[in-house]
Amino acid sequence: MVWRATDDSYVKLSAELLYQYHKLEKGLCLTDSTRFFGKDAARAVMHVVTRWRQAGHPRTDRVYVGAIESLRSYRGKLRPLHLPDADGDSVLLDIDVILVDEPLRPELATPVPFRPSADTSDAFERLCQERRSVRAYSPTPVDQGLLERAIGIAQWSPSVCNRQAWRVHIYRDRDQIARLLHLQNGNGGFGHQLSTLLVIAMDSTAFFDATERNQQFIDAGLFSMSLILSLQSLGLASCCLNWSVIPAHDVRAHREGGIPENQRIIMYMAVGHAADGALVPRSPRRELQNVVTTH
Ligand SMILES: Cc1cc2nc3c(=O)[nH]c(=O)nc-3n(C[C@H](O)[C@H](O)[C@H](O)COP(=O)(O)O)c2cc1C
């Protein structure tokens with residue numbers, strides 16, 4: 001796949017930078033990487049880094065710093081090998097030039113050891129089972145810090161090339177929430193209780209051609225799943241609200257919610273504190289044999 005965009009906006013360039021440097025950072029984790037793996041990717045990263053600088057985007061940005069540290073690690077891994085490859089050597093020299101005025105940040109070096117905590121399965125199973133779609137909310141407002149913490153945790157969701165194209169819109173104004181909910185068909189009987197509504201959207205600028213047409217939905221789904229579990233872990237209740245609407249409602253929601261046109265609405269999400277004594281449907285899950293085929 002080739003990235004053909006010439007747009008140097010922050011969103012476009014950061015997506016392209018992630019797309020390119022992710023090839024390097026994952027290549028650095030392979031146990032049998034060959035000499036000068038990823039030199040085309042390294043050149044592409046340097047090209048985007050140069051455009052980034054020319055466009056005046058911040059050089060403290062995490063995406064940019066991630067690219068710089070990937071280049072540094074790539075050079076650090078390959079230079080000591082001293083293998084004969086003139087083309088590869090020229091890539092390393094170009095990296096020297098790119099890195100010359102970048103501060104050393106050893107704490108942000110990549111890759112890092114994979115060190116998962118021992119046995120988190122019981123806690124995770126409980127979290128999954130206890131998270132339910134809640135349709136009865138108390139008037140207690142949702143703390144902004146708590147909400148941001150939940151979103152921050154969900155940021156750890158996987159996404160294609162780590163592009164993180166999800167965008168979360170937070171609404172607090174009851175009238176605006178009512179107008180947004182009016183366009184959605186699954187909040188009857190509890191929508192009026194909501195003091196916080198989220199809209200999960202995907203920034204289509206972060207994707208580059210039709211081969212990626214499903215990726216927005218996949219990444220948004222993964223992020224939304226993390227978010228509802230994260231909310232649950234922080235004591236907040238939620239309910240995903242489908243966005244299966246006619247195009248006119250989609251247009252109106254963009255306008256009503258101040259959502260840019262390049263962002264595709266994926267779903268709404270009710271968030272709040274569950275009402276005392278809230279009930280949830282049992283909603284049993286299918287037996288495993290109806291879901292799993294072992295080949
Ligand atoms: C994308 C999506 C859209 C949903 N839309 C609605 C909705 O509009 N209204 C609603 O009450 N529940 C909605 N739900 C909640 C589902 O009904 C619920 O997840 C399912 O019945 C399983 O129940 P549980 O979430 O309590 O485990 C939606 C869920 C998802 C994942």
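Quick notes on this structure:
- Members of region 55-64 that are in a helix (DSSP H, G or I) and surrounded by 12 or more Cβ atoms within 10 Å (Cβ to Cβ): Ala55, Val63, Tyr64
- Test: residue in region 38-50 that is under 14 Å from Leu108 (Cβ atoms) and either touching a residue at least 12 places away in the same chain (Cβ under 8 Å) or surrounded by 16 or more Cβ atoms within 10 Å (Cβ to Cβ) (or both): no
- Residue tally, condition closer than 21 Å to Leu17 by Cα and outside any helix (DSSP H, G or I), over region 65-123: 10
- Selection of region 233-251 for residues being in a helix (DSSP H, G or I) and either β-branched (Val, Ile, Thr) or in contact with a strand residue (DSSP E or B) (Cβ under 7 Å, 6 or more places away or on another chain) (or both) yields Asp250, Val251.
- If you go through region 181-194 and keep only what is within 13 Å of the ligand (Cβ to nearest atom) and either assigned to a helix (DSSP H, G or I) or surrounded by 13 or more Cβ atoms within 10 Å (Cβ to Cβ) (or both), you end up with Leu181, Leu183, Gln184, Asn185, Gly186, Asn187, Phe190, Gly191, Gln193, Leu194.
- Residue identified as more than 14 Å from Ile266 (Cβ to Cβ) and in contact with a Phe, Trp or Tyr (Cβ under 6 Å, 6 or more places away or on another chain) among Gln184, Gln193: Gln193
- Any hit, region 78-95, residues being under 27 Å from the mean Cα position of the chain (by Cα), aliphatic (A, V, I, L, M) and at pLDDT 95 or above: no
- Leading residue by the ranking (surrounded by the fewest Cβ atoms within 10 Å (Cβ to Cβ)) among those in region 161-175 that are touching a Leu at 6+ places or on another chain (Cβ under 9 Å) and in a helix (DSSP H, G or I): Arg174
Residues checked against (1) in the same structural domain as Thr31 (by TED's automatic domain parsing); (2) in contact with a Ser or Thr (Cβ under 7 Å, 6 or more places away or on another chain); (3) on the phi < 0 side of the Ramachandran plot:
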residue: Gly76; (1), (2), (3): yes, no, yes
residue: Asp94; (1), (2), (3): yes, no, yes
residue: Tyr137; (1), (2), (3): no, no, yes
residue: Val142; (1), (2), (3): no, yes, yes
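- Residues of region 22-54 that turn out to be over 17 Å from Glu102 (Cα atoms) and part of a helix (DSSP H, G or I), as a count: 11
- Filtering region 196-235 to residues that are buried (at least 21 other Cβ atoms within 10 Å of the Cβ), more than 16 Å from Ser159 (Cα to Cα) and away from the ligand (no atom under 13 Å from the Cβ) leaves Thr196, Ser230.
- Residue, nearest to the ligand (Cβ to nearest atom), within region 124-160, restricted to residues that are part of a loop (DSSP other than H, G, I, E, B) and hydroxyl-bearing (Ser, Thr, Tyr): Ser157
- Yes/no for Leu127 being over 30 Å from Cys239 (Cα atoms) and surrounded by 10 or more Cβ atoms within 10 Å (Cβ to Cβ): no
- Leading residue by the ranking (farthest from the ligand (Cβ to nearest atom)) among those in region 238-276 that are exposed (fewer than 13 other Cβ atoms within 10 Å of the Cβ) and touching a residue at least 60 places away in the same chain (Cβ under 8 Å): Gly258
- Residues that are without any contact (Cβ under 8 Å) to a residue 24 or more places away in the chain, closer than 19 Å to Thr31 by Cβ and not charged (D, E, K, R) within region 77-118 comprise Pro80, Val112, Pro113, Phe114, Pro116, listed in sequence order.
The values are calculated or read from the model by the stated rules, or taken from the named source; none is laboratory data. This one's a predicted model, so the numbers in the text were calculated from it and none came from an experiment. Methodologically, a virtual Cβ is constructed for each residue, glycine included, from the backbone with ideal geometry; neighbour enumeration extends over all protein chains shown.
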